[in-house]
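Below is one structure, written out as structure tokens; the observations come after it.
The values are calculated or read from the model by the stated rules, or taken from the named source; none is laboratory data. The structure presented is a predicted model; accordingly, all values stated were derived computationally and were not measured. Neighbour counts run over all protein chains shown; Cβ positions are idealised from the backbone, glycine included. The area values use the complete protein model at the heavy-atom level, side chains included, leaving out ligands, DNA and RNA. Shrake-Rupley method; radii C 1.70, N 1.55, O 1.52, S 1.80 Å.
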2 protein chains.
Amino acid sequence: MTDMQAPGGHALLFLTDEQLRKGIEAMFFAYRGFTADPDRILDAHKLGRAHHRALHFISRAPGTTVNNLLSILGVTKQSLNRVLRTLIDDGLVDSRIGTRDKRERHLFLTDAGAALEQELSIAQRERMRQAYREAGPDAVQGFRAVLEAMMDPELRHHFNRVKDDRND
Amino acid sequence: MTDMQAPGGHALLFLTDEQLRKGIEAMFFAYRGFTADPDRILDAHKLGRAHHRALHFISRAPGTTVNNLLSILGVTKQSLNRVLRTLIDDGLVDSRIGTRDKRERHLFLTDAGAALEQELSIAQRERMRQAYREAGPDAVQGFRAVLEAMMDPELRHHFNRVKDDRND
DNA sequence: TTGGAAAGTCAACAACACTGACATAAAACT
DNA sequence: AGTTTTATGTCAGTGTTGTTGACTTTCCAA
């Protein structure tokens, strides 16, 4: 990959439209693979990707409020409510009224919810681990750097919520 | 990032569940950014992502058949047909009966279709170019390597259809 | 000529998003 | 105390994108 040092000190990348298009297609096909394993598990439970996303972020931040989840997922409350209703009715998520602020609902995974989340997470992590292994150690940091730069700035803070351990 | 040389010669990566989870979330948030710009353009034309995907791959392989497009996109013919019907009715795609095999329909972009595809492509390439620029030259290869490893093997050949120019 | 593949159509359905309107409770503000 | 804002939930309607199943037309090939 050609690169140059510009006068201002910025690294300049010369990328052809073809290279960029391949990157776009890589995102498209990779995302299909990324969701393939969880989708199979979810089908068996008659749930969809929206439920997986809710389970994931409730697992990551137990006790999170509906509003917080809304801003992370970027959907309407009506859409999220439908998903949460299913998860609560299925006994996978527990919704508890806030103690400090009684308007808020704090969301937790039940034991069954945690078990399903684990099943989904293990499948998806295994795919990710395998991809990392095939791509090699150096590739992982590049992968993460490009993805982070691709996010909308307003969404990036959700990603950086929990400081990661890339440099351990 | 820690790595070791195993007896068999495989590079072993020790990745914590936390690191893998961050990779998963990075995919989630990045994909949102990845589709954000085209989505805005598509809204103005009253089209959706499915139309974008069809336009993209018809542009990449002019004259492709419906069946080929089906296997690339991984949807049912009924679903694709609805999308193609819209694109043809809107004068963005031209469907020509095959000369050798008259059952086949060969798909081409009209001038208007090519113009819209360009508009979408430029927006998405610009996002990709910016992400590459921020992440730096070394990151690009890692990004591509991980994404390629993440694809389902059956889908990877679609990606590799056209040999790319990563090593120019 | 018969069988099967390719393409298209029609109908029904489901997941998941959207808007808009409205309700309730609680917190916050004036 | 009274008003406004916030957090959540709910009802109704709509749209995109996917699914299955059934059926037809076209047409190549054994």
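With both labels modelled 7 Å from their Cα along Cα-to-Cβ, the B:GLN130 to B:ASP89 distance reads 3.5 nm. Taking amide hydrogens as placed 1.01 Å from N in the peptide plane, the amide H of B:THR64 sits under 5 Å from those of B:LEU107, each at least 5 positions away in sequence or on another chain.
If you run the Gaussian network model on chain B, springs between alpha carbon atoms under 10 Å, then out of B:LEU15, B:LEU69, B:LEU120 the most flexible one is B:LEU15. Largest to smallest in accessible area, the residues A:ASP37, B:ASP111 fall in the order B:ASP111, A:ASP37 (1.4 Å probe, all protein chains included).
Interface area, chains A and B: about 7600 Å² of buried accessible surface, summed, with a 1.4 Å probe and ligands, DNA and RNA left out. Largest GNM mean-square fluctuation across A:GLU148, A:GLU126, A:GLU25, computed for chain A with C-alpha springs under 10 Å, falls on A:GLU25. Here A:THR99 sits with roughly 130 square angstrom of accessible surface, probe radius 1.4 Å.
For A:HIS52, B:HIS45, the ranking by accessible surface with the largest value first comes to B:HIS45, A:HIS52, using a 1.4 Å probe. Carbon-plus-sulfur accessible fraction, the protein assembly as shown (probe radius 1.4 Å, protein heavy atoms only): 51%. Scanning chain A for DSSP H helices at least 15 Å long along the axis (C-alpha atoms) with a Kyte-Doolittle mean no lower than -1.0 picks out A:17-44, A:49-60, A:77-89, A:111-135, A:137-150. Charges were assigned to the Cβ only: +1 to each Lys and Arg, -1 to each Asp and Glu. The resulting dipole of the protein assembly as shown about its Cα centre is roughly 940 debye. Accessible-area rank, largest first, for B:ARG82, A:ARG127: B:ARG82, A:ARG127, with all protein chains present and a 1.4 angstrom probe.
Database remark: amide H of B:ASP94 closer than 5 angstrom to the amide H of B:PHE108, B:LEU109, B:THR110 (H placed geometrically; neighbours at sequence offset of 5 or more, or on other chains; Pro and chain starts carry no H). The modelled label-to-label distance between A:ARG103 and B:ASP39, using points 7 Å beyond Cα along the C-beta direction, is 2.7 nm. Taking amide H atoms as placed 1.01 Å from N in the peptide plane, the amide H of B:ASP152 lies under 5 Å from those of A:GLY33, each 5 or more residues away in sequence or on another chain. The coefficient of translational diffusion for the protein assembly as shown, derived via Stokes-Einstein from the alpha carbon Kirkwood radius under 20 °C and 1.002 mPa s, stands at 98 µm²/s.
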